[in-house]
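K.L.:
Right, I'll just put the structure down here and ask away after.
The values are calculated or read from the model by the stated rules, or taken from the named source; none is laboratory data. Since we're looking at a predicted model, the values are computed, not measured. Note that we place each Cβ from the backbone using ideal geometry, even for glycine, and neighbour counts take in every protein chain shown. All accessible areas refer to the heavy atoms of the entire protein, side chains included, with ligands and DNA or RNA removed. Shrake-Rupley method; radii C 1.70, N 1.55, O 1.52, S 1.80 Å.
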Amino acid sequence: MPQSSADVMPIGVESFKAITASHVRKIYETPSGPVEAVAEADFEITRGDFVAILGPSGCGKSTLMLMIAGLEAATSGTITLDGLPVSGPQIAAGMMFQDPTLLPWRSVLENVLFPIDMRGAVSPENRARAESLLRMVDLWAFRDKRPRELSGGMRQRVALARALVNDPRILLMDEPFSALDAITRDEMGYALARIWDTTRKTAIFITHSIREAIFLSDRVIVMGKRPSTIIEDVRIPFERPRDPSIEADPRFNELYLHLKSSILRSTSSVQ
Ligand SMILES: Nc1ncnc2c1ncn2[C@@H]1O[C@H](COP(=O)(O)OP(=O)(O)OP(=O)(O)O)[C@@H](O)[C@H]1O
Ligand SMILES: [Mg+2]
């Protein structure tokens with residue numbers, strides 16, 4: 001019996017839909033009463049698409065991502081990965097958060113290998129993959145350093161390599177760059193775009209930055225304020241690979257203003 005959607009890849013017309021959410025609702029039961037985080041989420045994400053999620057603070061973005069990863073159960077509705085319902089933690093999903101959560105006593109390479117270590121012995125193939133990911137994120141020279149010897153941006157690049165080490169089918173990122181200074185944040189965005197171009201993983205990227213969302217994504221979803229629904233779903237037309245100069249394109253500005261006004265209609269808490 002398959003344990004999760006990682007074990008079986010159904011063949012057929014549904015399989016190009018990497019992620020689907022159908023009538024997904026989430027209510028947290030708390031000591032002070034129920035909190036309805038997500039009222040209704042419905043979407044389909046095509047394999048290989050990079051999708052950003054924007055929305056006001058507290059609208060349920062992280063909750064939605066945790067439900068996709070199988071780390072929170074939906075109160076009702078269905079989420080599928082590659083056509084199979086999510087009913088527990090998904091090994092098919094690599095994750096990145098605002099905090100890189102590296103283990104301070106492990107080297108950079110050992111941190112990247114940690115998810116494999118946890119599941120059993122590290123094979124020579126695993127090690128070779130981790131090493132090639134460290135080259136991809138430009139940290140090969142730092143492979144034997146400890147996390148404290150790295151800058152914030154470098155630590156997030158380690159976290160990205162770690163998220164990719166199991167070769168997940170989907171990459172889930174929850175505000176991975178929001179603790180970085182503005183220049184490092186832009187550089188990380190450019191690095192992620194370059195790395196994503198080589199892997200083309202189906203990706204969900206939560207951010208409060210409209211610019212970052214447009215630059216990185218094929219599609220931007222906007223959630224309204226809690227209890228949230230999806231209030232906007234926009235295709236981003238720029239060719240890949242993308243160059244920072246697209247920010248000077250009038251279409252970039254148009255999309256920016258369109259998304260900003262749609263978020264402002266539900267709240268004022270955006271960058
Ligand atoms: N484990 C939990 N138990 C109870 N309530 C929770 C829990 N996690 C989140 N919530 C509540 O659910 C709502 C949505 O939270 P969530 O963290 O998903 O929002 P968010 O959109 O990610 O916000 P932010 O942009 O600030 O990260 C909030 O009202 C929050 O207080
Ligand atoms: Mg959040």
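K.L.:
Counting Lys +1, Arg +1, Asp -1, Glu -1, what net charge surrounds Ser57 among other residues with beta carbon under 10 Å of its beta carbon?
P.N.:
Around Ser57, the charge tally is +3.
K.L.:
Let me ask something additional. Give the long-range amide H neighbours of Val86: residues separated by 5 or more places, or on another chain, with amide H under 5 Å away, using H modelled in the peptide plane at 1.01 Å from N.
P.N.:
The list, which skips near neighbours in sequence, is Ile79, Thr80, Leu81.
K.L.:
Keeping all protein chains in place, calculate the accessible area per residue for the range 172-271 (probe 1.4 angstrom), answer in Å². Present the calculation step by step, with values, prior to reporting the outcome.
P.N.:
On the way: 4570 Å² over 100 residues.
Counting only protein heavy atoms, the per-residue value for the range 172-271 is 46 Å².
K.L.:
Ok, one more. For the range 66-73, just list the computed ³J(HN,Hα) in residue order, Karplus coefficients 6.51, -1.76 and 1.60, θ = phi - 60°, integers in Hz, with x standing in for Gly and Pro.
P.N.:
5, 5, 5, 6, x, 8, 10, 8
K.L.:
For the chain, with a Gaussian network of springs between Cα atoms less than 10 Å apart, report the residue from Ser76, Ser228, Ser62 with the top mean-square fluctuation.
P.N.:
Its mean-square fluctuation being the largest, the pick is Ser76.
K.L.:
How large a share of the accessible area of the chain, in percent, is made up of carbon and sulfur atoms when the probe is 1.4 Å and the other protein chains stay in place?
P.N.:
The nonpolar share, carbon plus sulfur, comes to 53 percent.
K.L.:
Further, regarding this structure: Which aspartates and glutamates have a Cα lying under 15 Å from the Cα of Lys201, excluding residues fewer than 8 positions away in the same chain?
P.N.:
Asp49, Asp82, Asp167, Asp218
K.L.:
Which length gain, in nm to one decimal place, applies between Arg146 and Ser178 when the Cα-Cα distance is subtracted from 0.36 nm times their residue separation?
P.N.:
Between Arg146 and Ser178, full extension yields an extra 9.3 nm.
K.L.:
Return the lysines within reach of Lys260: Cα separation strictly under 22 angstrom, same-chain partners fewer than 8 residues apart disregarded; answer none if there are no such residues.
P.N.:
Partners within reach: Lys61, Lys225.
K.L.:
³J(HN,Hα) across the range 37-47 via Karplus (A = 6.51, B = -1.76, C = 1.60, θ = phi - 60°), whole Hz, x for Gly/Pro?
P.N.:
7, 10, 7, 6, 10, 9, 6, 10, 10, 6, 4
K.L.:
Beta carbons within 10 angstrom, averaged per residue: use that to sort the peptides 43-50, 159-166, 245-252, 144-151, highest first.
P.N.:
Those peptides, ordered most packed to least, come out 159-166, 43-50, 144-151, 245-252.
K.L.:
Kindly write out, for the range 181-196 in residue order, the coupling ³J(HN,Hα) from the Karplus curve 6.51 cos²θ - 1.76 cosθ + 1.60 (θ = phi - 60°), rounded to whole Hz, with x marking Gly and Pro.
P.N.:
Listing the rounded values in order: 5, 4, 6, 4, 4, 4, 4, 5, x, 5, 5, 5, 4, 5, 5, 4 Hz.
K.L.:
Moving on. Quick one: which residues, 5+ away or cross-chain, put their amide H under 5 Å from the amide H of Phe50? H built at 1.01 Å from N.
P.N.:
For Phe50, the qualifying residues are Ala203, Asp218, Arg219.
K.L.:
Could you list which residues have their amide H under 5 Å from that of Ala37, counting only those 5 or more apart in sequence or on another chain, with H placed in the peptide plane?
P.N.:
Correct list: Lys26, Ile27, Tyr28.
K.L.:
Nearest 500 deg cm²/dmol is fine: what mean residue ellipticity at 222 nm does the chain get from its DSSP H runs of n ≥ 4 alone, each adding -39,500 (n - 2.57), divided by its residue count?
P.N.:
-10000 deg cm²/dmol
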